[in-house]
Structures are given as structure tokens and as C-alpha cells.
1. Can you name the residue in the stretch 403-429 that is buried (at least 24 other Cβ atoms within 10 Å of the Cβ) and small (Gly, Ala, Ser) and, of all such residues, is farthest from the chain's Cα centre (by Cα)?
2. Only one residue in SER186, SER180 is buried (at least 22 other Cβ atoms within 10 Å of the Cβ), among the hydroxyl-bearing types (Ser, Thr, Tyr), assigned by TED's automatic domain parsing to the domain that holds ARG97 and closer than 19 Å to GLY129 by Cα, so which one is that?
3. What do you reckon, is GLY161 over 15 Å from ALA39 (Cα atoms) and surrounded by 24 or more Cβ atoms within 10 Å (Cβ to Cβ)?
4. Residue check: is ASP261 out of contact with any Ser or Thr (no Cβ under 7 Å at 6 or more places or on another chain), of a type in the set (D, E, K, R), surrounded by 15 or more Cβ atoms within 10 Å (Cβ to Cβ) and within 24 Å of ARG303 (Cα to Cα)?
5. Would a scan of the stretch 397-408 turn up a residue that is in a loop (DSSP other than H, G, I, E, B) and within 19 Å of TYR187 (Cα to Cα)?
6. Please work out which residue is nearest to HIS108 (Cα to Cα), limiting yourself to the stretch 201-237 and to residues that are assigned to a helix (DSSP H, G or I) and acidic (Asp, Glu).
7. Of (1) part of a loop (DSSP other than H, G, I, E, B); (2) out of contact with any Ser or Thr (no Cβ under 6 Å at 6 or more places or on another chain); (3) among the small types (Gly, Ala, Ser); (4) more than 18 Å from PHE382 (Cβ to Cβ), GLY198 satisfies all except one. Which?
8. Restricting attention to the stretch 207-216, does a residue exist that is farther than 20 Å from LEU355 by Cβ and either surrounded by fewer than 24 Cβ atoms within 10 Å (Cβ to Cβ) or in contact (Cβ under 8 Å) with a residue 12 or more places away in the chain (or both)?
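The values are calculated or read from the model by the stated rules, or taken from the named source; none is laboratory data. Just so it is clear, the structure is predicted and the values come from calculations on it, not from any experiment. Virtual Cβ from ideal backbone geometry, glycine too; neighbours counted across all protein chains shown.
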Amino acid sequence: MSARELLALDATAQREALAAGRVTAVALAEAYLEAIEAARAINAYLAVDPEWTLAAARAADARLIAGTAGPLEGLPIAVKDNLDAEGWRTTAGMATRRDRLHAAHDAHAVARLREAGAVILGKLNLHEGALGADNDNPHFGACHNPHRHGYTPGGSSGGSGAAVAANLCAAALGTDSMGSVRIPASYCGVFGLKPSFGLVSPRGGVVVSRRLDHVGPLARSARDLGLLVEAIAGFDPECAESRRVPLDPPRRGPLAIGVPDLSAIDVDADVRAAFEAGLERLCALGHRIHPLPGPAIEPGRLRRAGLLVCEAEMLVEHAADWAARRGDFSPALAAMLAWAESKSARDFAAADRLLDAGAVTMQRWLAACDVLAWPTTPQRAFAFGTAVPASQADLTCLANMAGVPALSLPLPVAAGELPIGLQLIGPVGSERTLIALAEAFAAGSAD
């Protein structure tokens with residue numbers, strides 16, 4: 001098998017090759033480091049450290065030989081650069097953090113990766129401050145969509161989506177406050193999971209919103225999402241947002257797939273057509289479509305409320321830099337934070353109540369079906385320099401407000417076309433059902 005073929009395998013297949021001794025962790029890490037160097041034009045990575053990575057790979061090989069390997073042993077996994085990784089600087093894509101000391105400790109999810117044997121490959125590009133969804137970063141350069149240079153990979157976890165799609169890591173961690181794992185998964189044609197709120201501790205991350213933030217994986221297959229979420233999940237007593245969330249067994253029988261009425265939502269015609277074809281495939285797998293009413297509150301209004309909550313919390317998270325280094329914030333981010341600074345306590349309370357209304361909408365839908373389905377994004381990836389659609393997160397934000405798991409998987413598209421994502425949403429703890437459904441959908445056969 002060539003290095004190119006090896007890197008294109010999903011993480012599960014790479015793990016099997018490592019366990020069988022068909023490849024070493026060092027050889028796999030070296031191949032990825034070479035691929036990253038060759039693909040610098042994508043600008044998916046903000047930092048790599050071959051010495052650290054190869055040292056970790058050698059330790060993984062020793063555990064593989066000794067028979068003490070963990071479930072992710074030797075897999076080179078990259079981390080969005082708003083999550084701490086010991087020995088690496090955490091920039092959050094911000095000029096104000098460019099000169100910070102290297103992290104002394106891992107974020108909880110990164111520590112779980114290391115405990116499972118993963119090799120940290122590097123830190124990934126992101127939208128400035130993780131507040132935005134095009135990853136045209138003014139301080140570190142734009143991250144490009146591997147399917148079409150000059151186009152957004154989505155955000156804010158754009159580097160995570162691009163690195164997975166371009167075979168520059170076995171899998172990646174991202175964060176998702178209103179769609180920042182699922183939007184790049186959709187635009188880049190990979191799989192992305194926002195877990196149930198609290199299932200994966202966000203401790204050690206740069207906060208956007210304590211209520212909305214989730215840490216989740218991006219990968220080249222649905223089964224990889226299962227491998228990763230099982231590794232990074234777990235109660236963290238040091239984190240106020242952490243929860244003991246039991247993961248339910250997967251439901252594999254015929255499911256009621258709830259489909260909310262999208263007629264009042266501005267979804268591009270090509271996305272609608274691909275989504276309708278996706279529903280037909282779900283029916284062919286034996287599931288039944290259950291029509292649901294549209295959202296009681298226009299999603300754009302809910303998204304804007306969520307944005308205000310994020311902006312307000314970022315004023316607290318970045319208070320010292322906002323006071324002393326305001327000129328180091330981009331004009332776009334500075335305008336957003338200044339807007340929040342001009343609002344009243346009543347405005348923030350009203351926005352928080354709108355988030356509650358969004359959560360109730362999602363809960364009502366899920367009470368009437370087993371799994372919810374609709375497009376991940378209303379549009380495909382777009383070119384840098386064009387107007388950023390305000391609606392990017394309209395179809396992803398409600399899952400954050402409700403704290404329920406949501407998964408984006410690629411829909412079939414013609415060769416050469418930009419990807420389109422299908423979003424599956426389930427009740428709290430239903431990650432295994434969503435992953436099993438996504439795996440069956442991708443395979444085109446019932447499980």
C-alpha cells in the first residue's frame with residue numbers, strides 16, 4: 001500500500017493496520033507530516049512540531065509492541081487551536097494570543113485523546129476567536145477548501161474540516177457553538193459530530209459560550225466518529241458544564257425520521273434537491289419520513305440571539321486583551337464585541353430566553369420522532385471575497401440551544417461538485433444511533 005493510499009484510509013482502518021503491524025506509528029506520523037508540508041497552500045495547520053509528534057509516535061509503537069495499546073494507539077490526530085495541548089501555544093486564531101506561553105496542560109478532551117494513545121499531530125486553523133464560519137483568518141491567513149482552492153472550508157473549525165478532507169490527519173477535534181463542527185463537515189464533505197451537551201468536557205478551551213460550546217470530532221467515516229467520541233467522552237468533575245450523559249445503545253430498526261417544514265427557510269435549490277434525494281435513500285433503508293411543522297421562531301432570529309450571547313461571553317473571556325490590545329482585534333470581531341458592549345442586561349436576558357425557545361422547538365420535534373433530518377447548511381461552500389451568507393448557522397444553531405447531539409454526513413454529489421451535508425439530530429445520549437444511521441446511509445444498505 002502506498003503512503004497516499006494509507007493516508008486516505010479512515011482512522012478505524014489505520015488503527016487496524018497499526019494493530020496488525022502493517023505500519024508503524026512513526027511511519028504513519030512521518031507520512032502525515034510530509035503530506036502537511038506538501039499541502040501548505042491549504043493552510044489547515046497553524047503549528048506542527050515534528051520532534052514532539054515523532055517522540056509520541058515512538059512511544060505509541062512501544063505500547064503496540066508491548067500489548068498495552070489504547071483504542072486510538074498511534075493515530076495522528078490534529079486539534080483545533082482553541083483547545084489547549086501541553087507544549088503547544090493556543091492562539092484561538094487571534095493576534096492577541098500569538099505571543100502566549102505554551103500550554104502547561106491539555107484540555108480535557110485532548111488529555112483523553114492522549115490517554116487513548118493518540119499522537120497529537122498539530123494545531124489547526126480556525127476563524128478568529130472561533131466566532132464565525134468562513135475561516136478567512138485575518139491574522140494567520142485563510143484556510144482553503146481542499147475541494148476548491150479559494151473557497152471557504154466553513155468554520156469556525158475550518159482547519160479541522162480541511163485537514164480531514166485533504167487526508168492531512170487521521171481525524172481532528174473541533175469545537176461547535178452554533179455549528180462550527182458541522183458547517184465545515186458539510187462544506188468539506190466529511191463527517192462531523194456535535195455531541196450531547198456535557199458529554200465531552202470543554203475545559204481547557206477558549207470560551208465562546210459556556211451554554212453553547214461543545215467539543216466534537218471530524219473524521220472520514222461515521223465509524224470513526226464513534227471511535228473518537230467514545231474516547232473523549234467522560235464526566236469531568238473540574239468542569240461546571242460537564243454532565244454524566246449515558247450513551248444509549250444504537251436503535252437499528254425502522255426509525256421515524258422527522259423532517260421539519262423548510263418552506264419558510266431560504267435553502268438553495270441544489271441543496272434542497274440533494275436533501276430530498278437523501279430522504280429517498282433513508283426510505284430505501286427502511287425508515288419512514290414523519291413530516292413536522294416548521295420552526296415556531298424564525299431560525300435567523302434564534303441565531304442572532306445566540307450570537308449576542310457568544311459576543312457577551314467573549315467580552316469576559318478576552319477582557320484583559322479587549323482593554324489593553326483592542327487594536328489587535330480584527331475590525332470585524334471588534335465590531336461584534338463592541339455591539340455586545342453596547343447592549344443592556346435586559347438584552348442579554350431576552351436573548352437567553354430566545355435560546356430557551358429554540359431548545360423547546362427542538363424538544364417538541366424530537367418528542368414526535370426518533371431522529372430529525374434536514375440539511376446541514378442552506379448552501380454549499382462559497383468563494384472568499386464574496387458576501388458571507390448570514391444563514392450559514394440557521395440549520396445548526398438549534399441543536400446547540402437544546403444541547404442534543406447532531407451529526408453531519410456527506411450527501412452524494414456529482415464528481416467535481418462541492419459537497420453538501422445531511423444533518424441528523426437525536427435526543428440527548430443518542431450518539432450511537434446517529435452514528436449507526438450515518439454509517440448505514442453512507443454504505444447505502446440497512447444495518
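1. Only one residue tops the list, namely GLY426.
2. Numbers: SER186 fails: closer than 19 Å to GLY129 by Cα.
After ruling out the rest, the residue left standing is SER180.
3. Working: over 15 Å from ALA39 (Cα atoms): no; surrounded by 24 or more Cβ atoms within 10 Å (Cβ to Cβ): yes.
In short, no.
4. no
5. No: zero hits.
6. Among them, the one singled out is GLU230.
7. That leaves (2) as the condition not met.
8. no
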